[in-house]
Amino acid sequence: MISAVHVVPHGDELIDLPDANARAMSSHVARVLARDSAGTALVMSPHSFRLSGRIGVSLNERATGSYSTGRRRIRMSRRIDTGLARSISGLPDACSITFMTERGEKSIFPLDFGSMIPLRFMPARKIVVLTQARDLPRESLVMFGQNMGRLLDGADGAYSVIFSADQAHTHAADGPYGYSPEASIYEEAVRRAFISGDLAHLLDIDEETVQGAKPDSYWELLVLHGLLKELGLRIHYIYGYVAHYFGMMLASTAVEQ
């Protein structure tokens, strides 16, 4: 069964806490994820491996990584729920990934910062690592979410799903991707979808807006839409702001107390 579904940003600001917005976001993320009692957390990140036309699922026994922000260094090692990972890898439009070797001491999948930053706020537990697919049709991403939701709903145990994602990356002319008016259009469309709980409207965002805004969230949000639709769950907007050039939003099916 699913215990919770979260959309969590992964900016360094959550760790370095440079301003009031970052401190508020970090506090909200900590409260939401610390209460998540699932035995296994699935995490989809845009900064892991990317496969052509497939969502990758690691079948390694462990995932480890290290990452340095401006002020801190994160080190992490988590066991992978290989049984669940193998089941998910068998879904349409998914495939398995094995780094080096599937079993033994060297069966280690490299964990990226997009996965580590959200997981840092959760108690240590097993994980399943999923990669993002940007070249699948929108409808296929929604269907993958539905299929994954059906699988998890019928599985023994409690599972949570983390969609690690930041929003538009073109809010500032001096940012690494420059400025585009599409950034605010995309940001507002996602915010409205979270507030209303109706993610179907995300399918109506045109490709020009996605390309101009340069989010790393869009493809994951379509998977999220399918997952929520299949399970009959509603996402709730919790907090969001623009950190200079990119947007960060936190949303969850678990409402803060």
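Coordinate-derived values only; no laboratory data. Everything numeric in this text was worked out from a predicted model, so none of it was measured. Glycine gets a Cβ as well: all are built from the backbone with ideal geometry, and neighbour counts include every protein chain shown.
Going from the fewest other Cβ atoms within 10 Å to the most, the residues 143, 148, 249 appear in the order 143, 249, 148.
Most simply put, the chain has about 45% antiparallel DSSP beta bridges, counting only bridges with both residues inside it. Close amide H pairs (under 5 Å, H built 1.01 Å from N) link residue 51 with 56, residues at least 5 positions away or on another chain. Summarising the amide proton neighbourhood of residue 3: residues at separation of 5 or more, or on other chains, whose placed amide H is nearer than 5 Å comprise 159, 160.
The magnitude of the dipole of the stretch 108-149, with charges of +1 and -1 set on the Cβ of Lys/Arg and Asp/Glu and taken from the Cα centre, is near 200 debye. A straight line joining the Cα centroids of the stretch 201-242 and the stretch 83-134 runs 22 Å.
In what sequence, highest mean first, do 166-174, 19-27 appear when ranked by Cβ atoms within 10 angstrom?
166-174, 19-27
Other residues whose C-beta falls under 11 angstrom from the C-beta of residue 220 contribute a net charge of -1, scoring Lys and Arg +1 and Asp and Glu -1. Helix content alone sets the calculated 222 nm mean residue ellipticity of the chain: runs of n ≥ 4 DSSP H residues at -39500 (n - 2.57) each, divided across all residues, give -10000 deg cm²/dmol.
Computed extension gain for residue 95 through residue 236, at 0.36 nm per residue and net of the alpha carbon distance, reaches 47.7 nm.
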